[in-house]
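Notes to accompany the following structure.
The values are calculated or read from the model by the stated rules, or taken from the named source; none is laboratory data. None of these values were measured; they are calculated from a predicted model. Neighbour counts run over all protein chains shown; Cβ positions are idealised from the backbone, glycine included.
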Amino acid sequence: FAGLADVSISEDILVEGEITVPVGSRSLDEDYSTLDEPVRDTILRDLKAVGKKFVHVMYPKKSSALLRDWDLWGPLVLCVSLALMLQGGSADSKDDGGPQFAEVFVIIWFGAVVITLNSKLLGGTISFFQSLCVLGYCVLPLTVAMLVCRLVLLAGSGTVSFIIRLIVVAAMFGWSTLASTAFLADSQPPNRKALVVYPISLFYFVISWMILTFTPQ
Amino acid sequence: IASPVMYLLAEFDDAANLLAANPDATTISIDEPAEIPKNQHNRRQETVREEDDELLGTDDSDKTELLAGQKKSAPFWTFEYYQTFFDVDTYQVLDRIKGSVFPVPGKNFVRLYIRSNPDLYGPFWICATLVFTIAVSGNLSNFFIHLGKPTYRYVPEFRKVSIAATTIYAYAWLVPLALWGFLMWRNSKVMNIVSYSFLEIVCVYGYSLFVYIPTAILWIIPQKVVRWVLMIFSLCLSGSVLVMTFWPAVRDDNRRIALATVVTIILLHALLAVGCLAYFFDAPELDFPAPIIPTYNGTTGITKSH
């Protein structure tokens, strides 16, 4: 490259132009930049996405953000916290007690998978993981109900506390079902909506029952 | 085999030529497109008796049978194959449930509701609902029975859910499998007019279990007489659906085998109901010192409470 050594561009000549590389350039740039950013930023970005989805669930308006950028971190956190809070209700023999940690986990995830399969088999247009994401996030009201129940049970476990727990759990059950229906109903064929909504309400009913029948030691 | 098709095409050619030559000629059009195939390949229909038409439902069952055969054409490893088992609308599911709860005497459930389109949605979700209904109702009923006793402490009895699930799903899938195998075996020996596919049998069993759901909820009432009356009532309803479905399928067989089959179907159905009542619902009059796991032995439980 001996000839090139003489090539130089004087600084007052403006070199301009446009190099457009189709598709790849922006994401390449982002990849490099997210690799160099501090770990705190990475974690905070994911946490903010999860938090935004929590807000979407608590105020279910018709928005496609929950569906478009699905993630399973939120459902995992909710499932683990719900299963942890359902611990501690023991009985004389193992067979009569409440659900174990693994049982809650399996019920939530297996139930969500079965409902997703059901809605896809009935002709739904939503993708598998989007549906899992919505069903998992809509467990949030029931997790809040579990928290409230545990606090109420700390105060006492008589009839009054039971009525309070019943009202709270019933309200949260309705909220969960409505929220998930608001997100999922549009992707179903119109004459099969009830066939898809019913298993969802059965799923949340089972979780509500587990929360309501939780009796501490 | 190309020759019948060629013959048919030649006929059309002739007809077209004739029509072209004489446009004003009167032509007769055949309204029933299924009539030609019916005469050609469905020999069984020639031996249909009068009462079978009544029992077997509407006359266009042949057409629907023809259509049903054309639907499931996707290979079994694709998702579309399984989608054909869920090809039902809300009103169809509701109709089938109504047909199982109000059995019309003389009308066959399969012919009337399912012949065109057996689905797996109904059986699966009815069984799931029944599992949770029995577990929840049993838990509630035990709570109300033992309420007020000083040594009683409420337990959620969560393990019973898995037992209920195993029992009910095993009943709803293994008994149809056995029945289907038995009917296929008898079909090879005796030419039966009516034969059902495995999915149709699963469908009938699944929808016939629906009437147990309100029964299980009403079993919360802690009165022995009420419970037994409810059980007999629901057994009659769902049993009649099963009997009216399967009697035409075994009727042509040896009399004793036909009767034995129908009696076995009813006995198994009754065993399921009685077993569930005995295991999940404590007897109201007996005084349990503490919540214990009752032994799963239906007959012992019943004789004890007598």
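A few comments on the model shown:
- Within the stretch A:194-211, the set of residues being within 9 Å of chain B (Cβ to nearest Cβ) and either outside any helix (DSSP H, G or I) or in contact (Cβ under 8 Å) with a residue 60 or more places away in the chain (or both) comprises A:LEU195, A:PRO199, A:VAL206, A:MET210.
- The condition of being in a loop (DSSP other than H, G, I, E, B) and surrounded by 13 or more Cβ atoms within 10 Å (Cβ to Cβ) holds for only one of B:ILE193, B:ILE213, that being B:ILE193.
- Selected residue (only one of A:SER81, A:SER63, A:SER93 is of a type in the set (Ser, Thr, Tyr), surrounded by 12 or more Cβ atoms within 10 Å (Cβ to Cβ) and modelled with pLDDT of 85 or more): A:SER81
- Restricting B:TRP185, B:TRP173, B:TRP228, B:TRP219 to those that are out of contact with any helix residue (DSSP H, G or I) (no Cβ under 9 Å at 6 or more places or on another chain), farther than 14 Å from B:PHE109 by Cβ and of a type in the set (A, V, I, L, M, F, W, C) reduces the list to B:TRP185.
- The residues in the stretch A:153-180 that are farther than 26 Å from B:SER137 by Cβ and free of Cβ contacts under 8 Å to residues at least 40 places away in the same chain can be counted, and the count is 3.
- Being over 30 Å from A:GLY124 (Cα atoms) and exposed (fewer than 15 other Cβ atoms within 10 Å of the Cβ) is a property that A:GLY174 lacks.
- For the stretch B:240-249, the candidate set comprises residues that are surrounded by 22 or more Cβ atoms within 10 Å (Cβ to Cβ) and of a type outside the set (Ser, Thr, Tyr); within that set, the residue that is farthest from the chain's Cα centre (by Cα) is B:ALA249.
- Scope the stretch B:216-243; condition assigned to a loop (DSSP other than H, G, I, E, B) and among the hydrophobic types (A, V, I, L, M, F, W, C); matching residues: B:TRP219, B:ILE220, B:ILE221
- The stretch B:142-164, residues that are more than 11 Å from chain A (Cβ to nearest Cβ) and part of a helix (DSSP H, G or I): B:PHE144, B:ILE145, B:HIS146, B:ALA164
- Restricting the stretch B:118-134 to residues that are outside any loop (DSSP other than H, G, I, E, B), of a type outside the set (Phe, Trp, Tyr) and at the interface with another protein chain (Cβ under 9 Å from one of its Cβ atoms), the residue that is farthest from B:SER162 (Cα to Cα) is B:THR129.
- Selection of the stretch B:196-209 for residues being assigned to a helix (DSSP H, G or I) and in contact (Cβ under 8 Å) with a residue 60 or more places away in the chain yields B:LEU199, B:GLU200, B:VAL202, B:CYS203, B:VAL204, B:TYR205, B:GLY206, B:TYR207, B:SER208, B:LEU209.
- Test: residue in the stretch B:225-239 that is surrounded by fewer than 19 Cβ atoms within 10 Å (Cβ to Cβ), under 20 Å from the mean Cα position of the chain (by Cα) and β-branched (Val, Ile, Thr): yes
- Checked against (1) touching a residue at least 24 places away in the same chain (Cβ under 8 Å); (2) of a type in the set (Phe, Trp, Tyr); (3) within 14 Å of chain B (Cβ to nearest Cβ); (4) within 30 Å of B:GLU80 (Cα to Cα), A:PHE183 meets all criteria but (3).
- In the stretch B:189-208, residue nearest to the chain's Cα centre (by Cα) [restricted to those that are within 14 Å of B:VAL250 (Cβ to Cβ) and of a type in the set (S, T, N, Q)]: B:SER195
- Count - residues of the stretch B:91-117 that are within 14 Å of another protein chain (Cβ to nearest Cβ) and touching a residue at least 60 places away in the same chain (Cβ under 8 Å): 2
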